[in-house]
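**Q** The structure follows.
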Amino acid sequence: MNLLQDLRFAVRLLIKDRWFTAVAVIALALGIGVNATVFTFVNAVLIRGLPFNDPDRILVVGTRDARGRDRGASYPDFEDWRAATRTFAGLSAYSSQTMNVSDEGRTPERFQGPYLSANTFTLIGQQPLLGRDFLPEDDRPGAAAVVMLGNGVWKNRYGSDPSVLGRTIKVNEVPATVIGVMPEGFKFPQEADLWMPLAQMSRLLEQKRDARNIDVFGRLAGTVTQRQAQSEMDTIARKLAGDYPDTNTNITARVMTFNERVNGGPIRLIFLSLMGAVGFVLLIACANVANLLLARSAGRAREMSVRISLGASRWRIVRQLLVESVLLSIVSGLLGLALAYVGVRLFDAATQDVGKPYWIQFTMDGQVFAFFAAICLGTGIVFGLAPALHVSKTDLNEVLKEGGRAGSSGMRARRWTGALIVTELALTLVLLAGAGLMMRSFVNLYRMDVGIETSQLLTMRLNLPNQKYSTIEQRRAFYDRLDQRLAGIGGIRAATITTNMPMGGGIPRLLSIDGHEPAAGELPPTVTQVIIGPRYFETLGNTVLRGRAFDDLDGTAGHDNAIVNQRFAAMHFGGDDPIGRRIKLTPDGPVAPGTPAPVWMTIVGISPSVRQRMQPGDDSPDPVVYTPLRAQAPAFAMLLIRAQRDPASLTAMAREEVRAIDADLPLFGILTMDQQLAQQRWPFRIFGTMFAIFAVIALALSAVGLYAVTAYSVAQRTQEIGVRMALGAQAAQVVWLILRRAVVQMAIGLTLGIAGAVGVSTLLSSVLFQTGARDPVLLAGIVSLLIGVSTAACLWPARRATRLDPVNALRND
């Protein structure tokens, strides 16, 4: 009953003091709202996991090489793991591929389609919507090809026709029987559109033990823990290293969750940094409201003294004040929840097409609402506890006697207020530093010189199925015909075929230089290989700086040549001339069956340094080696087309030229170069903007807090100021009297904040682009901004104090 009375009194008080309530609710709503928003993201990306029963029991099993890089597994390793493991109820393997689907009367389309073990859907507990699951006999060499369709393919390509079951379609030129359709929304492992048994994957049984390009996962058996599974896999890895020293020495096993595999590293760091940033915002909001409550407590001192004189205990006073603060946080939480809902929807819309795993859905579930309830309750206690303890220590005699407001109670309030202001300033500076670094990375990324003219450049991809183009000669013939046909289109200024466009990565290779032997124990350097057609540099709008470009003979027998970029020449030859020197590129990782053996190549040209990767923490372009398309003719390739006018107008013509050569081959991933770059920049754009928004909120809250504290100090010292002015004090002296304490607080807060900013900058260094973690210019600018805003917030009420009428000030007091 007493608690209900406290609640009623708190409601009446908040309604009565509506300006205080409005300011406090807005500040807390911002803090609670941004925390609920970001926790929704963290929950979806790092906590929730796969949408299956006991998702924490489904673990990825991979390998780690001698350089500490995470790898997949080879098919021979997978078979040995499956035979030896006892900690997993079952292991399944899959290989994500692109699948070209064609059947009579329909346009060929490209889909994401993994090959996977027959027990995959059983392990994760997922049944088909229509038809049957894969059977063990479907996953044996020589078995008739079967395929499972995703719900989207079934609806969009086949009009949700149930009679598609039993129909034969061509998948990568192989006739396959449709045996099932999966439920809507199911896209395991990542954005899959259809599925085929692992045994149908081309040359699977020819795979070597060191070709670790298969992903493996399993479900833990019984009550086995992840630690026990890791221990067992370590034992198996050591045994394989002893049995197969040539391929498995220094190859260790790694057991992790799907979230760790997909969302580890920089992604995890960014989301945890966001969570820390909004935590700072909430603490600043709490400090603000606590200061407002402390200021208001002076006006309630007589009220509390009367309560104490009537027999109220200290706990009774604290409970009343905590009920008021918790009620305030609940009201703020309702507004914050609305803000969080809007923020989640905006973020979800901005990340629809960025390639996130299908199971990551930015929705508010039970865990989010539990977190929301916890921060509402916790916030009320955090910002209400200090004022409650302060007021509960009120000295009855001191308050009831005349002039008692300047006693020990006021001193305690000033100490609390000073500590809160210092905390606000330090947290704001740390948050501004993190936001400044992220925004500078964002700006640098947009200003970055890719090394080419991106306008009027169209990109598209194709994948030649191995069943139809199994030899280099067949693929080379296809590319030659396509190159000739594209050259005949009037709207095309230049066109080429390559494996990787600029900013599209490359093939990692280990470099050997003829005449240079690495020191004992020294690992060979890594470079990036890009396979290109004859008109590659012309299409990009570049020219070879020294030497020559490739001609039609390069890549044929006896003409093993290469072109290197300026970065490569500077790194590996310094001031020497690389033209005429020989190099060899050795695979650094999985090797597809049928890949030509490495050969010594002669450097015939030096090209400009075009960027192949957006590498956080590394400002320089990759050292790149360009090799002729004719030498390898890979199955996966990209078309780059330089248009004379609008590049989008060439899409249909390019598609028709490909169909004229192979009617079953689709083009996909059709985007302009500017669109490709925009997709790559989205993390910096979105996360940089979010950091900036949080920093602006923090800065505004800190400014409001400083203004409120300074204004309260002026109100409390009205009599003193009046006396000083009556005795001849000048305006500057009065201003300094008010600002002196604020300046000391700013100095302490900024000192602590600078130390924190340096730590946060170091933490973010791995995700920054062309931005130093400890940028003194940026930090000085942020400190200057915070000093300027803080000084302005304090100066306004201080200057108002100089306009007091000394006579009225003394009379009113």
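**Q** Select from the stretch 205-220 the residues that are part of a loop (DSSP other than H, G, I, E, B) and open to solvent by 10 Å² or more (accessible area, probe 1.4 Å) and list them in ascending order.
**A** Leu205, Glu206, Gln207, Lys208, Arg209, Asp210, Arg212, Asn213
Each row is one residue, and each column tells you yes or no for (1) in a helix (DSSP H, G or I); (2) at pLDDT 90 or above; (3) surrounded by 20 or more Cβ atoms within 10 Å (Cβ to Cβ).
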| residue | (1), (2), (3) |
| --- | --- |
| Arg319 | yes, no, no |
| Val323 | yes, no, yes |
| Ala340 | yes, yes, yes |
| Val344 | yes, yes, yes |
| Phe347 | yes, no, no |
| Gly355 | no, no, no |
| Val368 | yes, yes, yes |
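**Q** Another question, then. Quick check on Leu553: is it without any contact (Cβ under 8 Å) to a residue 24 or more places away in the chain and either crowded, with 17+ Cβ neighbours inside 10 Å or assigned to a loop (DSSP other than H, G, I, E, B) (or both)? Talk me through it step by step, then tell me what you get.
**A** On the way: without any contact (Cβ under 8 Å) to a residue 24 or more places away in the chain: yes; either crowded, with 17+ Cβ neighbours inside 10 Å or assigned to a loop (DSSP other than H, G, I, E, B) (or both): yes.
The answer is yes for Leu553.
**Q** Kindly list the number of the only condition in (1) modelled with pLDDT of 75 or more; (2) open to solvent by 10 Å² or more (accessible area, probe 1.4 Å); (3) in a helix (DSSP H, G or I) that fails for Val289.
**A** (2)
Here is a yes/no grid of residues against (1) touching a strand residue (DSSP E or B) at 6+ places or on another chain (Cβ under 9 Å); (2) open to solvent by 70 Å² or more (accessible area, probe 1.4 Å); (3) over 30 Å from Gln676 (Cα atoms):
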{"position": "Ala495", "(1), (2), (3)": "yes, no, no"}
{"position": "Val527", "(1), (2), (3)": "yes, no, no"}
{"position": "Gly541", "(1), (2), (3)": "yes, no, no"}
{"position": "Gly547", "(1), (2), (3)": "yes, no, yes"}
{"position": "Gln566", "(1), (2), (3)": "yes, yes, no"}
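**Q** Give me the residue from the stretch 124-147 that is in contact with a strand residue (DSSP E or B) (Cβ under 6 Å, 6 or more places away or on another chain) and part of a loop (DSSP other than H, G, I, E, B) and, out of that set, farthest from Met196 (Cα to Cα).
**A** Taking the stretch 124-147 and keeping what is in contact with a strand residue (DSSP E or B) (Cβ under 6 Å, 6 or more places away or on another chain), we get 128-132, 134, 138-139, 145-147.
The next check asks that each one be part of a loop (DSSP other than H, G, I, E, B); those that pass are 128-129, 132, 134, 145.
Numbers: Pro128: 14, Leu129: 16, Arg132: 13, Phe134: 9, Ala145: 8 Å.
If we take residues in the stretch 124-147 being in contact with a strand residue (DSSP E or B) (Cβ under 6 Å, 6 or more places away or on another chain) and part of a loop (DSSP other than H, G, I, E, B), then Leu129 is farthest from Met196 (Cα to Cα).
**Q** How many residues, within the stretch 242-279, are open to solvent by 30 Å² or more (accessible area, probe 1.4 Å), under 29 Å from Asn43 (Cβ atoms) and not aliphatic (A, V, I, L, M)?
**A** Counting residues in the stretch 242-279 that are open to solvent by 30 Å² or more (accessible area, probe 1.4 Å), under 29 Å from Asn43 (Cβ atoms) and not aliphatic (A, V, I, L, M) gives 8.
**Q** Return yes or no: is Lys155 under 33 Å from the mean Cα position of the chain (by Cα) and open to solvent by 50 Å² or more (accessible area, probe 1.4 Å)? I'd like the intermediate steps shown before the answer.
**A** Details: under 33 Å from the mean Cα position of the chain (by Cα): yes; open to solvent by 50 Å² or more (accessible area, probe 1.4 Å): yes.
For Lys155, the condition - under 33 Å from the mean Cα position of the chain (by Cα) and open to solvent by 50 Å² or more (accessible area, probe 1.4 Å) - is met.
**Q** With respect to the numbered conditions (1) farther than 15 Å from Val101 by Cα; (2) open to solvent by less than 50 Å² (accessible area, probe 1.4 Å), which one is the sole condition not fulfilled by Gly150?
**A** Here Gly150 clears every test but (1).
**Q** OK, next. Which residues, counting only those in the stretch 80-111, are acidic (Asp, Glu), under 21 Å from Val164 (Cβ atoms) and either part of a strand (DSSP E or B) or open to solvent by 30 Å² or more (accessible area, probe 1.4 Å) (or both)?
**A** Glu104, Glu109
**Q** Which condition does Gly33 not pass, out of (1) farther than 22 Å from Arg219 by Cβ; (2) in contact (Cβ under 8 Å) with a residue 40 or more places away in the chain; (3) surrounded by fewer than 22 Cβ atoms within 10 Å (Cβ to Cβ); (4) not acidic (Asp, Glu), if it passes all the others?
**A** Here Gly33 meets the rest and fails (3).
**Q** Quick one: would you say Asp65 is more than 30 Å from Gly343 (Cβ to Cβ), more than 31 Å from the chain's Cα centre (by Cα) and of a type in the set (D, E, K, R)? Show your work before the answer.
**A** Values: more than 30 Å from Gly343 (Cβ to Cβ): yes; more than 31 Å from the chain's Cα centre (by Cα): no; of a type in the set (D, E, K, R): yes.
Here the answer is no, as Asp65 does not meet what is asked.
**Q** Scan the stretch 443-502 residue by residue and report those that are among the small types (Gly, Ala, Ser) and not in a helix (DSSP H, G or I). I'd like the intermediate steps shown before the answer.
**A** As a first pass, look at the stretch 443-502 and keep what is among the small types (Gly, Ala, Ser): 451, 455, 470, 477, 487-488, 490-491, 494-495.
Of everything in the stretch 443-502, those that are among the small types (Gly, Ala, Ser) and not in a helix (DSSP H, G or I) turn out to be Gly451, Ser455, Ser470, Gly488, Gly490, Gly491, Ala494, Ala495.
**Q** Here's something else I'd like to know. Given the condition open to solvent by 20 Å² or more (accessible area, probe 1.4 Å), at pLDDT 85 or above and at negative phi, answer yes or no: does some residue in the stretch 708-727 qualify?
**A** no
**Q** Condition check: among the charged types (D, E, K, R) and either surrounded by 14 or more Cβ atoms within 10 Å (Cβ to Cβ) or out of contact with any helix residue (DSSP H, G or I) (no Cβ under 8 Å at 6 or more places or on another chain) (or both). Does Arg140 satisfy that?
**A** Details: among the charged types (D, E, K, R): yes; either surrounded by 14 or more Cβ atoms within 10 Å (Cβ to Cβ) or out of contact with any helix residue (DSSP H, G or I) (no Cβ under 8 Å at 6 or more places or on another chain) (or both): no.
So Arg140 fails the test.
**Q** All but one of (1) out of contact with any Pro (no Cβ under 7 Å at 6 or more places or on another chain); (2) not in a strand (DSSP E or B) hold for Pro524; which doesn't?
**A** (1)
**Q** Being more than 26 Å from Thr651 (Cβ to Cβ) and of a type in the set (Phe, Trp, Tyr) is the filter; apply it to the stretch 671-699 and report the residue that is surrounded by the fewest Cβ atoms within 10 Å (Cβ to Cβ).
**A** That would be Phe687.
**Q** Hey, another quick one. Does Gly384 satisfy being at pLDDT below 75, open to solvent by less than 10 Å² (accessible area, probe 1.4 Å) and over 30 Å from Asp674 (Cα atoms)? Please lay out each step first, then the result.
**A** Details: at pLDDT below 75: yes; open to solvent by less than 10 Å² (accessible area, probe 1.4 Å): yes; over 30 Å from Asp674 (Cα atoms): yes.
Judged against the criteria, Gly384 is a match.
**Q** Being farther than 30 Å from Thr168 by Cβ and either of a type in the set (Lys, Arg) or buried (at least 20 other Cβ atoms within 10 Å of the Cβ) (or both) is the filter here, so list the residues in the stretch 60-79 that pass it.
**A** Val60, Val61, Gly62, Thr63, Arg64, Arg67, Arg69, Arg71, Gly72, Ala73, Ser74, Asp77
**Q** Evaluate the stretch 41-50: report whether one residue or more is closer than 16 Å to Pro189 by Cα, open to solvent by 10 Å² or more (accessible area, probe 1.4 Å), touching a Gly at 6+ places or on another chain (Cβ under 9 Å) and outside any helix (DSSP H, G or I).
**A** Checked against the condition, which is being closer than 16 Å to Pro189 by Cα, open to solvent by 10 Å² or more (accessible area, probe 1.4 Å), touching a Gly at 6+ places or on another chain (Cβ under 9 Å) and outside any helix (DSSP H, G or I), the stretch 41-50 yields no hits at all.
**Q** Okay, moving on. Look at the stretch 739-780 and say how many of its residues are open to solvent by 30 Å² or more (accessible area, probe 1.4 Å), more than 29 Å from the chain's Cα centre (by Cα) and of a type outside the set (A, V, I, L, M).
**A** Here the count works out to 3.
**Q** Right, here's the next one. Kindly evaluate Asp193 against the criterion of being open to solvent by 10 Å² or more (accessible area, probe 1.4 Å), at pLDDT below 95, farther than 22 Å from Glu137 by Cβ and touching a Lys or Arg at 6+ places or on another chain (Cβ under 8 Å). Steps first, please.
**A** Values: open to solvent by 10 Å² or more (accessible area, probe 1.4 Å): yes; at pLDDT below 95: yes; farther than 22 Å from Glu137 by Cβ: yes; touching a Lys or Arg at 6+ places or on another chain (Cβ under 8 Å): yes.
So Asp193 passes the test.
**Q** Testing Ser163 on (1) under 35 Å from the mean Cα position of the chain (by Cα); (2) free of Cβ contacts under 8 Å to residues at least 40 places away in the same chain, one condition comes back false. Which one is that?
**A** Here Ser163 meets the rest and fails (1).
**Q** Which of (1) surrounded by fewer than 18 Cβ atoms within 10 Å (Cβ to Cβ); (2) at pLDDT 90 or above is the odd one out, the single condition Gly488 does not satisfy?
**A** Answer for Gly488: the failing condition is (2).
The values are calculated or read from the model by the stated rules, or taken from the named source; none is laboratory data. Quick caveat, the model's predicted, so the values are computed rather than measured. Backbone-built Cβ (ideal geometry, glycine too); neighbour counts: all protein chains shown. Only protein heavy atoms, including side chains, enter the accessible area calculation; ligands, DNA and RNA are left aside. Shrake-Rupley method; radii C 1.70, N 1.55, O 1.52, S 1.80 Å.
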